[in-house]
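Chemist: Here's a structure for you.
Every number in this text was worked out from the coordinates using simple rules, so none of it is lab data. From a predicted model like this one, the values you see are computed outputs, not experimental measurements.
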Amino acid sequence: MQGLTRVWKEPTGNSTENALVSRILTARGIISAEEHRSFLDPKLSTLEDPSELPDAEKAGAILCEYLRAGKKVLIYGDYDADGITASSVLYHVIATATKKPGPPIYIPNRMSEGYGINPEAIEQFAKDGIDLVISVDCGVTAVEAAEKANEIGLTLIVTDHHRPRDDGKLPDCAALVHPGIDEEPKTLFAGVGVAYQLAWAFARTWSGSQQVTKELSKCLLDMLPLVAIGTIADMVPLENGNRILARWGLQLLPSTTNAGLLAIMKQLDTPKMKLNSSHISFGIAPLLNAVGRLAHAAKAVDLLTHLDGPLAESAAKALADLNRKRQKVQRDIIENAIEQIETEKLYDNKIIVLQNDDWNRGVVGVAAGKCIETHYRPTILLSGDGDELVGSARSIEGFSIFDALSSCEDLLLKFGGHDMAAGLSVARENYDAFVSAITKYANENIKPEQLIKTVKPDVIATQKEIKYATAVEIEKMGPFGIGNPSPIVQFSKVRVDSVSTMGNGGAHMSLQIGTSNDRIRCIWWNNGDYAPKLIRGMEIDVVAKIKVNEFRGRRTAELDLLDIALPSG
Ligand SMILES: [Mn+2]
């Protein structure tokens, strides 16, 4: 079916029996009544046991032994939101166990050191008298750093969730805690999820029992908001253990006692009630990620581990300022790129490649993603530094940008990533050749229909089913994100009762469907332009998400429209 802005695929489920939420769950392969119950109310006790995570118990025992012997431990983290939260979680659990400030945390500099564990840092730690280094959210590819550690007699524990090296070489270290080395795990934990499982295993060994001490048990519960932040920020699928951690973390976030987190939430005006995953993915996570991109992620780690009172307030304000700077830099790149795409009609090709030396390489990836929203073509944005151009690629569904880059491998200095997103660098002298090669590849491999946005509803429903209680039930399917998208429902032949626009310049459409005594309000964000096409009394089809709306204390169900189809003929 053809809507005003997208092609509608057949809904996954077409039954109209049973309650709407049951139909959605069934359409998603969650079949039995018992499965429905446990999905809507996931218990923390159903989280995988740390004994299921390879080497977690071994690593926990080594950490315990070193701390008890009074040896010096250091946490080596990554500079993104996942790495920052993972480092903080491990810090707090160790601090609670030892009743002392936690171990030092080392985060490499994104620009000068880059990702992962570098051997030079390992050498420095040895000089500083460190006995044990535990990495979080990095290290699975650190074969050289592990060699260096062995050479100088420093113990290394790696905890990570990234892909090992293509040659299959793993770091030779005391323990390698990773969910997916030998087999596909039940949960694709983020770095923070892996660190959390290790922290739990450690807490057991420290407590000398499967049942951890009261202090450690409280601490592990207190860490869940940080775990939720890292998990949602890292865009791992919100399935199984990840969904449990995200769900419980979100629930506990408003009552967190972490002074840094509270200060960040105050800066962002995060609501105290009804938090959902978008408050993390569009609020807290970008703020934490901005620090590593524009300054140094250690600032965020300090805030989440030991700052308090006015110090926490001013540090959080500094992070919020950096985040605003990042937003501005990003907006400028997007504006700049879109202008160039329009004037040079780059959308005539099936891929868009742009380069500008003034662009900040830390934010071109996010900007490339935003460009796709406008032109819906795979997009590569590169910044420049001397002879080398460095950048990020983002793709559309059904076209592997990794395969596309592989096809012009000989023109690239470096590249890596997956189907939807990748990073690359290219020598300036090869730029033009690279642009023609990848454009040729894309023009040959992308079919015209792949360049049209589609929507696939979960189920069909009637307007009568749009009730406040149903909207509340649907919220229980969350948190929504990668691996657990917000349900999409198709409604046929609903009556337009009134239509208007709202927002700056009539940017958004506000629509009432039904009849005056049984009306539902619908909002179509950024599509106010289509309002004149709708006439009172007209019967239209819509695809939408059902949301709870709160207005002056009154809660109702409302639709967030994704597309409208006009009556044919
Ligand atoms: Mn990660």
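Chemist: Calculate how steeply helix 56-68 sits against the longest principal axis of the alpha-carbon atoms of the chain, using the helix alpha-carbon long axis, and give the answer as 0 to 90 degrees to the nearest 10.
Modeler: Its long axis makes an angle of about 40 degrees.
Chemist: Under 21 Å between alpha carbons, and skipping anything fewer than 8 positions from Lys547 in its own chain: which lysines qualify?
Modeler: Partners within reach: Lys272, Lys274, Lys456, Lys464, Lys467, Lys476, Lys493.
Chemist: How many Lys pairs in the stretch 344-451 lie less than 21 angstrom apart by Cα atoms, where the lysines are 8 or more positions apart or on different chains?
Modeler: On the way: Lys345/Lys370; Lys345/Lys440; Lys345/Lys447; Lys350/Lys370; Lys350/Lys440; Lys350/Lys447; Lys414/Lys440.
So the count works out to 7.
Chemist: I would also like to ask the following. So which lysines pass the test for Lys58, namely a Cα distance under 19 Å, with those fewer than 8 places away in the same chain ruled out?
Modeler: Cross-link targets: Lys71, Lys72.
Chemist: Quick one: which residues, 5 or more positions from Gln355 or on another chain, have an amide H under 5 Å from its amide H? H modelled 1.01 Å from N in the peptide plane, none for Pro or chain starts.
Modeler: Under 5 Å from the amide H of Gln355 lie the amide H atoms of Leu382, each far enough along the sequence or on another chain.
Chemist: Rounded to the nearest 10 degrees, what's the angle between the helix 191-207 long axis and the longest principal axis of the chain, both from Cα atoms, 0 to 90?
Modeler: That helix lies at roughly 50 degrees to the long axis.
Chemist: With the Cα gyration tensor of the chain giving a ≥ b ≥ c as the square roots of its eigenvalues, does the rule (a/c under 1.5 for rounded; else a/b larger than b/c for prolate; else oblate) give rounded, prolate or oblate? Kindly include the intermediate steps, with their values, before the conclusion.
Modeler: Values: a/c = 1.93, a/b = 1.35, b/c = 1.43.
Oblate, because a/c is 1.5 or more while a/b does not exceed b/c.
Chemist: Something else about it: Rounded to two decimal places and with Rh computed the Kirkwood way over Cα pairs, what is Rg over Rh for the stretch 396-445? Spell out each step's value before the answer.
Modeler: Numbers: Rg = 10.3 Å, Rh = 10.9 Å.
In the stretch 396-445, Rg relative to Rh is 0.95.
Chemist: Next question. In degrees between 0 and 90, to the nearest 10, how far off the longest principal axis of the chain does helix 224-233 point, with axes built from Cα atoms?
Modeler: Approximately 60 degrees, to the nearest 10.
Chemist: So how far, in whole Å, is the C-alpha centre of the stretch 211-282 from the one of the stretch 318-366?
Modeler: Each part's Cα centre sits 31 Å from the other's.
Chemist: Something else about it: Please work out whether the stretch 261-331 counts as rounded, prolate or oblate from its C-alpha gyration tensor, where a ≥ b ≥ c are the square roots of the eigenvalues and a/c under 1.5 means rounded, while otherwise a/b larger than b/c means prolate and anything else oblate? Walk me through the intermediate numbers first.
Modeler: Numbers: a/c = 1.73, a/b = 1.01, b/c = 1.71.
Because a/c hits 1.5 or more and a/b fails to exceed b/c, the stretch 261-331 counts as oblate.
Chemist: Continuing with this model, one more query. Can you list, bin by bin at 10 Å, the percent of alpha carbon pairs in the stretch 344-451, starting at 0?
Modeler: Pair shares across the bins are 16, 54, 28, 2.
Chemist: Let me ask another. Just to check I understand the Karplus step: with θ = phi - 60° and J = 6.51 cos²θ - 1.76 cosθ + 1.60, what whole-Hz values come out for the stretch 517-532, glycine and proline as x?
Modeler: In residue order, the calculated couplings are 8, 8, 10, 10, 8, 10, 10, 10, 4, 6, 10, x, 4, 7, 3, x Hz.
Chemist: Looking at the square roots a ≥ b ≥ c of the eigenvalues of the Cα gyration tensor of the stretch 45-321, which shape do they give, rounded for a/c under 1.5, prolate if a/b is larger than b/c, or oblate?
Modeler: Rounded.
Chemist: Over the alpha-carbon set of the stretch 1-143, work out the extent along each principal axis and list the three values in angstrom, largest first.
Modeler: 68, 38, 26
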